[in-house]
1. Rounded, prolate or oblate: pick one for segment B:1-136, where a ≥ b ≥ c are the square roots of the eigenvalues of its C-alpha gyration tensor, a/c under 1.5 means rounded, and failing that, prolate if a/b is larger than b/c, else oblate.
2. Using a 1.4 Å probe on the protein heavy atoms only, what accessible surface does residue B:256 show? Give it in Å² to the nearest 10.
3. Based only on the alpha carbon positions, what is the Kirkwood hydrodynamic radius of the protein assembly as shown, in angstrom?
4. Distance from the Cα centre of segment B:115-168 to that of segment B:242-270, in angstrom?
5. In whole Å, what are the Cα extents of chain B along the three principal axes, biggest one first?
6. Over segment A:67-192, calculate the relative contact order: mean separation of alpha carbon pairs under 8 Å at least 6 apart, over the residue count, as a percent.
7. Using +1 at the C-beta of Lys and Arg and -1 at the C-beta of Asp and Glu, which of B:68, A:51, B:148 has the Cα lying farthest in the positive direction of the dipole of the protein assembly as shown?
8. How large is ³J(HN,Hα) for each residue in segment B:14-30, as worked out from phi by the Karplus curve 6.51 cos²θ - 1.76 cosθ + 1.60 (θ = phi - 60°), to whole Hz, x for Gly and Pro?
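The values are calculated or read from the model by the stated rules, or taken from the named source; none is laboratory data. All values derive from a computational prediction rather than experimental measurement. Here Cβ is always computed from backbone atoms with ideal geometry, including for glycine, and neighbour counts include all displayed protein chains. These accessible areas exclude ligands, DNA and RNA; they are computed on the full protein's heavy atoms, side chains included. Shrake-Rupley method; radii C 1.70, N 1.55, O 1.52, S 1.80 Å.
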Amino acid sequence: MAPIVKITDLDKYFGRLHVLKEVSVEVAPREVVCVIGRSGSGKSTMLRCINFLEEPSYGSIEVDGIKVEAGQKGKQHKQLIHDIRLKTGMVFQEFNLFPHMSVLENVIEGPVTVKGMKRAQAVELAEQNLDSVGLLFKKDEYPMRLSGGQKQRVAIARALTMEPRVMLFDEPTSALDPELIGEVLNVMKKVAKDGMTMLVVTHEMGFAREVADRVLVMAEGEIIEDENPADLFSHPKDPRTKALIDRYRTGGA
Amino acid sequence: MSESTVPRDPADQVARGNLLYEEQQRRTRHFRANVILWWVIFLVILLILFSGQSIFGLQTINLDMDFFKINFSFIAKGIPETLKVSAASIILAMVLALLAALGRLSKIPPVYALSTFYVSLIRGTPLYLQIFFFFLALPQVGIILPGFWAGVLALGLNYGAYMSEIFRAGLESVGKGQREAAIAIGMTPRQTLQRIILPQALRFAIPPIGNDFIAMTKDSALVASTGFVHEIMWRATKVGRATFHSLEALIIAAIFYWMMTLILTYIQSTIEARLSKGDR
């Protein structure tokens, strides 16, 4: 099957720092890909380049047939980036709900403001998605009154309500208290089960092992392994991968 | 017998908590009552200083009470004028401050430069001078504004430059993640600003804007010097000079300014309390 996400020869510099080195990845439709690696390995940057939260230095990004080359300028380039952003939903480590809007307003903001959807229709869609993350009863609350886990579930509903083709998760459970991680992972499993294509940057090895179709390991701006989780976790090839897995196995955060 | 041991009975524990709480409340009330008492004492001392009587051999300031009775209402008519100048100026200042703050975030060199140039020029020169400048310079290029609007222009430009810092702080108070979340759902920079950044930044900026408005009611006295805006200070100066009772006239003006400030500060603190209760 043709890939739905295709990252080709992606390079990214922060100032003089070379954080991504000719990274190429393909993700098939409905595939769940987890990206693991130590902090500073470039995994978040790669994810953020897909929807151009970071402008790649070189290379190209293709999502669902829309291809954007790095380093271009002008209206057409901006339009393509906008099109890619409509095809991708993103969930952040820090949730980033809009604090001045209620839960429901947070979720319908995208469809109404960006897509020009009728409010009633957006509300219907939003309520469906809030229901599926189990938070419909909180729709009139403000984010301040939610727990971290609830905030992240609302953030997932907000991203889903834009009806993206691909969901990007940037360390979605790293800012959560340990007892709240499970509820967010469960929602993510459900999203995966519903057939969403997902790229998940995470430290949750259990989730990667259980849910991922493939696991990418990144180190120093490169992808050092690209395997199915069963093989990766039982026979890591690269010593850095082994060290990474051991660190989590021995109970390190 | 030791009184500090924790009572075993839960009901006793609750009763002890209530006692502690009441004691705390009583102290707070006591403090407030004392502060009010001392305000009254200082006010009485102030009044005695202006009584004209000789106290313990010290002469106090002698005022003509008849002047107060005759001219009180003439000067009071300046209050609405002062409020009008201040309100119009603060609105102009807010618009300019917002534009200057946004300009400061711009990546377009002339826009960024205009913003910093404006703020630097205005903050680098006295307000008193700026007010005269608009009355003297504008007619030279054929622009003759009514005195009221020339005053508003000067005050608005001046406060706008200072308030731009408030708006800048407001914009910066909105975290980077908010912008990213908006961009990620496909919002344009303009939608992000209007729907996500500004509502949060303005909320942050409301209390300091209130403070500036209160300060403005007093700085607006400077436009009296041009002679075209008949607000409190202009009226006090005019009637004081004419009757050689400038001190009395200024005291009346001072009373009005002080009362206005007290009332506006009260309104301001009410708004602030309501905002901080909101769903931030």
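1. Note, shape of segment B:1-136 comes out oblate.
2. Only protein atoms counted, so the area is about 20 Å².
3. Radius from the Kirkwood sum: 28.8 Å.
4. 25 Å
5. Reported extents, whole Å, longest axis first: 88, 77, 27.
6. The value is 36 percent.
7. Checking the options against the dipole of the protein assembly as shown, the answer is B:68.
8. 3J(HN,Hα) across segment B:14-30, in whole Hz: 4, 4, 5, x, 4, 4, 4, 5, 5, 4, 5, 4, 4, 5, 4, 4, 4.
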